[in-house]
Amino acid sequence: MERQVILNSKHFELTIDRLCYQLIESHNNFENTVLIGLQPRGVNVLVRLKSKLEKILSGDVVCGSLDVTFHRDDFRRRETPLIPSITNIDFSVENKNVVLVDDVLYTGRTIRSGLDALLAFGRPAKVELLCFVDRRFKRDLPIQSDYVGITVDSLRSERVSVEWKEIEGEDKVKLYTPESNG
């Protein structure tokens, strides 16, 4: 299983910076905007964005995390059950601009689940999507990201892995084909 690095640590950091400035361009001081990371891996992107945004803006950015496990359309179809993560939204999204944050956009199903789960916290004025990696051409649902770190064209048999310094030891994005068990 050969893993090709498609975004190294230097470009990884530049991509985070660019996404922050794109968000600032659209949302200014985040007075009426909240960022919500989709569990589990969207929260990793969110943590980096929040840290960088708060340095640039010299102020707090309201953030939360959202578990979409029970809103997934494949929840009951899996052989091994999904283990729920933690939702941490201690604010209302009523009339707020919400930016959902995820690591990889592929079929669009996780984002659809996130939209469903989000409604339990109020009715947002607007919802946008930020994805660190957009695997275009493979959507099952008509969903697209408003903010994209990197776009990757890949085969259905390939996988994209976003790796984090805090978890895997180095910031990078890899493209690979999993080994078959046959």
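For the reader, a short list of remarks on this structure follows.
- Filtered residues of the range 149-172 (kept if hydrophobic (A, V, I, L, M, F, W, C), in a strand (DSSP E or B) and either out of contact with any helix residue (DSSP H, G or I) (no Cβ under 9 Å at 6 or more places or on another chain) or without any contact (Cβ under 8 Å) to a residue 24 or more places away in the chain (or both)): Val152, Val160
- Qualifying position, being crowded, with 18+ Cβ neighbours inside 10 Å, closer than 23 Å to Leu175 by Cα, of a type in the set (Ser, Thr, Tyr) and at pLDDT 95 or above, among Thr15, Thr33: Thr15
- Leu118 in contact (Cβ under 8 Å) with a residue 12 or more places away in the chain, crowded, with 16+ Cβ neighbours inside 10 Å and not in a strand (DSSP E or B): yes
- Residue in the range 104-112 that is within 24 Å of Glu31 (Cβ to Cβ), modelled with pLDDT of 80 or more, in contact with a strand residue (DSSP E or B) (Cβ under 9 Å, 6 or more places away or on another chain) and surrounded by 17 or more Cβ atoms within 10 Å (Cβ to Cβ) present: no
- Within the range 19-29, not a single residue is closer than 21 Å to Leu119 by Cα, polar (S, T, N, Q) and either at pLDDT below 95 or assigned to a loop (DSSP other than H, G, I, E, B) (or both).
- Of everything in the range 84-103 that is part of a loop (DSSP other than H, G, I, E, B) and at pLDDT 90 or above, the residue that is nearest to the chain's Cα centre (by Cα) is Ile89.
The values are calculated or read from the model by the stated rules, or taken from the named source; none is laboratory data. This structure is a prediction, so every number in the text was calculated from the model and none was measured. Methodologically, a virtual Cβ is constructed for each residue, glycine included, from the backbone with ideal geometry; neighbour enumeration extends over all protein chains shown.
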